[in-house]
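Reviewing the structure listed below.
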Amino acid sequence: MSLDNSLVVIQSKNKKYLTVLTSGDEFIINDGKISYDDIKTLPVQVQSSTGDYFNIYTPTYKEFVLLMRRGPQIIYPKDVGSIIVDGNIKNNSTVLEIGTGSGALTLFLILILGKEGKLYSLDAVKKNQYRAQKTIERYLSTLNNDIESNLKLVNSELINFSLESLEKKIDTVVTDVPEPWDFFENNIINTDLSWVSYLPSISQVEKISVCLKENNFQNIEIKETLERYWIIKDNILRPKNEMVGHTGFIVSGRFIL
Ligand SMILES: C[S@@+](CC[C@H](N)C(=O)[O-])C[C@H]1O[C@@H](n2cnc3c(N)ncnc32)[C@H](O)[C@@H]1O
């Protein structure tokens, strides 16, 4: 099987790189050089020109979104995990994502929903959706299945959007736009629906919480997820000095009755 055009991570002793194998070409960094033609299988370890070994393998979702080139700011993997659980998203759910952006959350939703589920992803900017689509196709090419067919991109300003334009009933709405309350301009919720908003600023959190209450949502929760990495090396066993202090708040709620 030819590995030409395969998406891989190349891990040197200092760093991970996301790259595409291109026959006849070389991968060159300070830690050494390898020829792509020497990569015959995945995962594999290849010795570089300096004698160091590089590990070469198919990226995980987390490696892919953190290493990929992107447009708008992505939702970080730690927050994606919380959003999936707080939004009660399962493999046969129908989800409306508001704010396709770079497609980082879109991609994980596609993976979770599988062939049974359905994802509508709305964005006002066509260029962002085009880029996100390419990103998603690139990652899914490593998986050998056609689950991308569960995705439908919707190109619209949120303020002009109506749920009536969708074929299926939505189970969960997930938003990553600055003004998610615009959704309620044209939409009244009167049936079971989970809601999750990802918002960087507390003033936005206050506004969406009030809006959800006014629209009779219950079980409203506001939270941040904090993640601290540890160093485990020889006899060193302690938290890293640096951590990501703030990404976004997650506001969730549910319209039950
Ligand atoms: C921060 S990005 C979303 C990033 C995405 N969640 C990810 O993980 O890659 C926000 C996106 O929302 C879109 N957007 C912002 N306001 C909008 C609105 N009122 N209606 C529709 N799309 C909007 C922007 O064009 C942008 O692509």
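All of the numbers you see were taken from the coordinates with simple rules; none came from a lab. Source: prediction; values computed, not measured. Neighbour counts are summed over all protein chains in view; Cβ atoms, including those assigned to glycine, are modelled from backbone coordinates with ideal geometry.
Using the C-alpha atoms of the range 7-58, what convex hull volume per residue, in cubic angstrom, is computed?
Numbers: hull volume 3.3 nm³, N = 52.
Once divided by residue count, the hull of the range 7-58 is 64 Å³.
Could you tally the net charge around L96, taking each other residue with its Cβ under 11 Å from the Cβ of L96, Lys/Arg +1 and Asp/Glu -1? Mind dumping the intermediate values first?
Values: positive: K118, K152, K168, K169; negative: E97, D171.
Around L96, the charge tally is +2.
Below 10 angstrom from the Cβ of T135, what's the summed charge of the other residues (Lys, Arg +1; Asp, Glu -1)? If you can, show how the numbers build up before the last one.
Working: positive: R69, R70, R131, K134, R138; negative: E137.
Around T135, the charge tally is +4.
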- Shape of the range 63-255 from its Cα gyration tensor (a ≥ b ≥ c, root eigenvalues): rounded if a/c is under 1.5, otherwise prolate when a/b > b/c, or oblate? oblate
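Among K40/K240; K134/K169; K13/K40; K62/K127; K62/K134; K126/K169, which pairs are too far apart, with a Cα-Cα distance over 29 Å? The partial results should precede the final answer.
Details: K40/K240 37 Å; K134/K169 27 Å; K13/K40 21 Å; K62/K127 24 Å; K62/K134 17 Å; K126/K169 24 Å.
With Cα atoms farther than 29 Å apart: K40/K240.
Could you work out the local net charge near L3, counting Lys and Arg as +1, Asp and Glu as -1, over the other residues with Cβ closer than 14 Å to its Cβ? Display every interim value, and only then the final one.
Values: positive: K40; negative: D4, D25, D37, D38.
After counting each charged neighbour, the total is -3.
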- Message: Rounded to whole Å, give me the distance from the Cα center of the range 113-169 to that of the range 18-82.
- Response: 26 Å
- Peptides 190-203, 224-237: what's the order by average Cβ count within 10 Å, highest mean first? 190-203, 224-237
- Message: Less than 21 Å apart at the alpha-carbon level, and either on another chain or at least 8 residues along: which lysines does that give for K207?
- Response: K223
